[in-house]
Amino acid sequence: RRCVQETGYQRRVHGELSAIQFEDLNTADSVLTRPFTNQIKRCEEVEIKLKTIETEMKKYNREVKLCKDNSQFLKELRSFLTNRNKAEQNFFEEVESLVDDKLKLLTEQTKTLDNLTCKFNEIVQYKHVLLNTKDYIGFSGMSIAEGEVKGASDNLEEGPQFQSTVRLSYLAGSIDSAEAPRFKRMIFRISRGNTWTILKDIDPITDEKGEIKDQIIDPLTGELQKKSVFLIVYQGGAADTLRSKLNRIADSFGAQKFGIPENQETFNKKLDELERQTLEAQNLKRITREQIDQILDYFVDAKITNEMCSFIEELRLFTLKAVSYTHLRAHETPEHLVCRLLL
């Protein structure tokens with residue numbers, strides 16, 4: 001028989017019991033021209049935003065308690081909406097606004113944290129480059145400018161001895177530890193053995209409490225990254241062809257390149273500056289992470305039911321229900337729908 005004209009919210013009981021089958025008589029009509037198209041789109045957008053928040057909750061190890069009894073949830077939801085003494089459509093608008101605001105704030109904070117993590121990783125790598133290369137680059141009797149070394153170096157451990165007339169240049173930076181051996185072989189092959197390359201793994205520094213304070217974390221995966229410091233010493237100047245080749249190889253391996261200060265005083269000042277920047281970045285990361293935790297914790301505990309599931313799950317089920325009812329309202333006109341009782 002044809003379904004009488006009524007709203008989707010008046011069909012609540014039939015929908016909960018899954019006792020009615022609806023058939024659309026106007027399947028050829030464009031979806032965009034049908035009634036309530038905008039409302040359906042709004043419901044689907046809320047679903048997508050909730051899924052994004054849930055993904056971030058899992059990323060930051062927040063428990064998402066799922067609903068195991070949909071019938072009981074619908075009963076408690078109906079009781080919650082009744083006690084509000086407001087229309088159900090109004091609650092959806094509140095949910096829509098809440099999810100939109102929370103997601104915007106969460107997106108802003110996570111983006112800030114990712115940027116801070118990248119900056120922190122760069123500072124840590126630069127600091128380790130300086131600490132691991134200072135024993136190989138002597139400042140006494142040398143003039144270092146824009147990556148060039150002039151004169152002899154008595155501090156090059158296990159390296160060749162150069163005459164004072166030899167003009168040396170260097171390339172220093174960091175690279176993934178897994179790529180370091182292949183990187184060294186490539187440098188040797190391209191330079192035909194006319195370079196001296198040092199590779200050292202970056203070992204995390206621990207504080208007085210024994211806690212690691214300068215781990216290099218991938219902001220996308222949250223996994224620990226293993227990096228190695230490299231120092232390449234070669235003969236030539238800024239316009240040398242070999243210099244260009246070495247820089248291209250370093251770029252192809254995704255290496256981070258850093259400059260070495262030109263004298264001992266500048267070197268020490270740079271280390272102090274990097275240490276200060278490290279502490280500032282750590283504090284900013286901590287504050288930002290606390291903001292993210294506060295947002296995500298809001299969606300952990302139930303707020304509609306009696307601790308049946310997490311709030312994020314309650315909102316997801318309510319939105320799914322709103323989508324279903326809005327689809328029914330889109331076919332309120334009798335000639336648009338046929339309904340059969342499933343007995």
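The values are calculated or read from the model by the stated rules, or taken from the named source; none is laboratory data. Everything numeric in this text was worked out from a predicted model, so none of it was measured. Quick reminder, even Gly has a Cβ in these numbers, built from the backbone with ideal geometry, and neighbours come from all protein chains shown. Keep in mind that these areas ignore ligands, DNA and RNA; they rest on the heavy atoms of the full protein, side chains included. Shrake-Rupley method; radii C 1.70, N 1.55, O 1.52, S 1.80 Å.
For segment 218-263, rounded, prolate or oblate, judged on the Cα gyration tensor with a ≥ b ≥ c (square roots of eigenvalues), a/c < 1.5 rounded, else prolate if a/b > b/c?
Prolate, because a/c is 1.5 or more and a/b exceeds b/c.
How far apart, in nanometres, would the label points at residue 240 and residue 303 be if each is projected 7 angstrom from Cα along the Cα-to-Cβ direction? Calculated label separation equals 6.4 nm. In the complete set of protein chains, residue-level accessible area for residue 221 is approximately 80 Å², probe 1.4 angstrom. Label-to-label distance for residue 108 and residue 179 is 3.5 nm, based on points extended 7 Å past Cα in the beta-carbon direction. Extension gain for the segment residue 272 to residue 72, taken as residue separation times 0.36 nm less the Cα-Cα distance, is 65.9 nm to one decimal. A 1.4 Å probe over all protein chains sorts 285, 59 by accessible area into 59, 285, starting with the largest. Residues in segment 36-69, backbone N under 15 Å from the label point at residue 100 (7 Å along the Cα-to-beta-carbon vector): list them, ranges by number please. Once the point is set 7 Å along Cα→Cβ of residue 100, 38-50 turn out to lie under 15 Å by backbone N, inside segment 36-69.
Rounded to whole numbers, the Karplus 3J(HN,Hα) couplings from phi for segment 41-56 are 4, 4, 4, 5, 5, 5, 4, 5, 5, 5, 5, 5, 5, 4, 4, 5 Hz, using 6.51 cos²θ - 1.76 cosθ + 1.60 with θ = phi - 60°, and x at Gly and Pro.
State to the nearest 20 debye the size of the charge dipole of segment 267-314 about its Cα centre, where the only charges are +1 on K and R beta carbons and -1 on D and E beta carbons.
Values: 7 positive and 11 negative charges, 87 e Å.
In debye, rounded to 20, segment 267-314 gives about 420.
On the basis of the beta-carbon distance and an R0 of 25 Å, residue 294 and residue 51 show a calculated FRET efficiency of 0.75.
Under the simplified labelling scheme, the residue 213-residue 83 pair shows an inter-label distance of 5.0 nm, with each label point 7 Å from Cα along Cα→Cβ. A 1.4 Å probe over all protein chains sorts 188, 73 by accessible area into 188, 73, starting with the largest.
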